[in-house]
Amino acid sequence: MLKTLSQGESNTGFAAEIRGLLARLDVPAERYSGGSRIVRTPLTGEVIGEVAEATPAEVTAAVGRAQAAFEAWRKVPGPQRGELVRLLGEELRAAKAELGRLVSLEVGKIISEGLGEVQEMIDICDFATGLSRQLYGLTIASERGDHRMMEQWHPAGVVGVISAFNFPVAVWSWNAALAFVCGDSVVWKPSEKTPLTALAVEALFQRTARRFGGVPDGLLTLVLGGREIGETLVDDARVPVVSATGSTAMGRKVGERVARRFGRSILELGGNNASIVTPSADLDLALRAIAFAAMGTAGQRCTSLRRLIVHEKVYDALVGRLRVVYASISVGNPVTGDALVGPLIDGAAYDAMQQALQAAAEAGGTVHGGERIADAGPAEAYYVRPALVEMPAQAGPVVHETFAPILYVLKYRAFDEAVALQNGVPQGLSSSIFATDMREVERFLSAQGSDCGIANVNMGPSGAEIGGAFGGEKETGGGRESGSDAWKAYMRRQTSAINYGLNLPLAQGVKFDVDDGGLNP
Ligand code: NAD
């Protein structure tokens, strides 16, 4: 059912509600009023904040404070650092309803996704708390007698976190929860489109720090602003690790700048994720999974399903049913009703979507949906019907990421052809296969299969859990965040060899005997 809203209904004072939420989360009013950066909610386009942005000099000062904080924080034992993150998880649990709603109001996610984003923050805090006792190194067999070798992990220093609008707070937590237990300090530049949720998280962190006691000033600093502020952070040689989440265009610039000063970057960039639907697929399950992966979050997840590669035997059955789902999915205000698809973030996203659809049609595609739903919101909001586009070939806009709900559908005959299509784009974030034929499943997961950082079976490419390492290859940037051993990127590795004998054997049997001048008895 199409969910529609009248003009009056949609302009129901979200600004006032947001002010109330921010006040309850202890964000001082001066942080979101009177500043030069106007913040709008995509729900209605109404102004919900005016934040003051940092100057480049303020970013430089913030890095100085973060450097001093790091020097103190690295001396705190890991498990005690973990206690700070455990308390942060408690604060997030207590504030889940408010922060989740704020995410929905600032980004336009449906309520359960806003809450899910906060749950993801809680989950990574739990993970990081356990990790704080498991920052393990190795003991390594030495080739030299009376020697021992080991590998230790030390804190890296100041971690710069640059985040995107679509996961305005979860991505910060993936980085910050790990960085804090690893002994690092954090300077965070959130998206200029979502500063209010960032202010709320900063306030929750300050609550946490007060409970913990003795947190060095500058352990977390929020710097608000756009590209210029991000570049100041990226260019600062006192920031050994920069974790940047956003478009490939942004990552190309950030990666080059950080490399120029030999810093380390963790790049989490654009995806162009595909699912392969084989003849052995459970089509009922596939349909539900495809609907969530392609239309959920209005197609504004890095892992959103953008390409569907369907075997010719099941093409008509599946695509026919998908067309019905696409035509009937409820689009509308994501917080006031039962809509499953909320608005695009802004007019630029809408323009990019329309351009992609036009290019697809020019390349021979048949477009179903994609139009603006004018009665789903006021003129300043961009609600669209998700688009299903049947393509004759993987060309034109299909090989680019358009950050909007467009699903391109391609037909295949042979399994290898499907895998070649899946891998035949510049991005390498996430992928999936729908199949019950274990040979096809295992080939998809093998070294000759998907070339992505994430490869799922009988589910869509989106909706990752925090326990695994998250990220992708090729133009997705190669970074890994969140679970598994992603923490290692926030530390520096040190290899130590220890000689507990009286002799000095050299590695590889090298001889270098000098006359000791008779000093030895
Ligand atoms: P964006 O690239 O426009 O902005 C992301 C962040 O980078 C913002 O904070 C922005 O201010 C900053 N930035 C932009 N140019 C910069 C520069 N030259 N130097 C330093 N900082 C700079 O992205 P967006 O529109 O906010 O988010 C959508 C994009 O993010 C999509 O491409 C999506 O796939 C990607 N994304 C990727 C992941 C992932 O984990 N791979 C997760 C979420 C979003």
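The values are calculated or read from the model by the stated rules, or taken from the named source; none is laboratory data. This structure is a prediction, so every number in the text was calculated from the model and none was measured. Virtual Cβ from ideal backbone geometry, glycine too; neighbours counted across all protein chains shown.
Observations
- ARG413, sole failed condition from (1) touching a residue at least 60 places away in the same chain (Cβ under 8 Å); (2) surrounded by 18 or more Cβ atoms within 10 Å (Cβ to Cβ); (3) touching a helix residue (DSSP H, G or I) at 6+ places or on another chain (Cβ under 9 Å): (2)
- Failed condition for ARG207, given (1) outside any helix (DSSP H, G or I); (2) more than 10 Å from the ligand (Cβ to nearest atom); (3) farther than 19 Å from ALA52 by Cβ: (1)
- Residue identified as surrounded by fewer than 19 Cβ atoms within 10 Å (Cβ to Cβ), near the ligand (Cβ under 9 Å from one of its atoms), over 20 Å from the mean Cα position of the chain (by Cα) and not polar (S, T, N, Q) among ARG288, ARG257: ARG257
- Test set (1) closer than 16 Å to VAL341 by Cα; (2) touching a Leu at 6+ places or on another chain (Cβ under 8 Å); (3) more than 16 Å from the ligand (Cβ to nearest atom) - LEU305 fails condition number: (3)
- Condition met for ALA379 (crowded, with 24+ Cβ neighbours inside 10 Å and either part of a loop (DSSP other than H, G, I, E, B) or in contact with a Pro (Cβ under 8 Å, 6 or more places away or on another chain) (or both)): no
- Qualifying positions in region 268-285 - within 16 Å of the ligand (Cβ to nearest atom), aliphatic (A, V, I, L, M) and within 14 Å of LEU407 (Cβ to Cβ): ALA274
- ILE162 vs. criteria within 18 Å of ARG37 (Cα to Cα) and crowded, with 24+ Cβ neighbours inside 10 Å: yes
- Subset of region 68-90 [among the β-branched types (Val, Ile, Thr) and closer than 15 Å to VAL201 by Cα]: VAL85
- Number of the exception - GLN300 against (1) surrounded by fewer than 24 Cβ atoms within 10 Å (Cβ to Cβ); (2) outside the structural domain of ASN458 (by TED's automatic domain parsing); (3) of a type outside the set (Lys, Arg); (4) within 14 Å of the ligand (Cβ to nearest atom): (2)
- Scanning region 491-498 for residues that are part of a loop (DSSP other than H, G, I, E, B), farther than 28 Å from VAL159 by Cβ, touching a helix residue (DSSP H, G or I) at 6+ places or on another chain (Cβ under 9 Å) and not hydroxyl-bearing (Ser, Thr, Tyr) turns up nothing.
- Every residue from region 427-454 that is part of a loop (DSSP other than H, G, I, E, B) and of a type outside the set (Ser, Thr, Tyr): LEU429, ALA435, ASP437, ALA447, GLN448, GLY449, ASP451, CYS452, GLY453
- Taken together, ALA348, ALA327 contain a single residue that is outside any loop (DSSP other than H, G, I, E, B) and over 28 Å from the mean Cα position of the chain (by Cα), which is ALA327.
- When restricted to residues that are outside any strand (DSSP E or B) and away from the ligand (no atom under 16 Å from the Cβ), region 128-178 contains 19.
- Scanning region 191-210 for residues that are farther than 22 Å from TRP487 by Cβ and under 17 Å from the mean Cα position of the chain (by Cα) yields a total of 7.
- Whichever residue in region 223-243 is under 18 Å from the mean Cα position of the chain (by Cα) and more than 6 Å from the ligand (Cβ to nearest atom) and, among such residues, is nearest to GLU473 (Cα to Cα): SER243
- Selection of region 456-478 for residues being part of a loop (DSSP other than H, G, I, E, B), touching a Ser or Thr at 6+ places or on another chain (Cβ under 7 Å) and within 13 Å of the ligand (Cβ to nearest atom) yields PRO461, SER462, ALA464, ILE466, GLY468, GLY472, GLU475.
So that you can scan it fast, the table gives a plain yes or no per residue for (1) in the same structural domain as GLU151 (by TED's automatic domain parsing); (2) at pLDDT 95 or above; (3) under 15 Å from GLY428 (Cα atoms):
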residue	(1), (2), (3)
GLY449	no, yes, yes
MET459	no, yes, no
SER484	yes, yes, no
TRP487	yes, yes, no
ASN503	no, yes, no
GLN508	no, yes, no
LEU519	no, no, no
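- Residues of region 479-490 that are among the acidic types (Asp, Glu) and either within 10 Å of the ligand (Cβ to nearest atom) or surrounded by 20 or more Cβ atoms within 10 Å (Cβ to Cβ) (or both): GLU481 alone.
- Matching option when the condition is within 21 Å of the chain's Cα centre (by Cα) and surrounded by fewer than 16 Cβ atoms within 10 Å (Cβ to Cβ), among SER112, SER104: SER112
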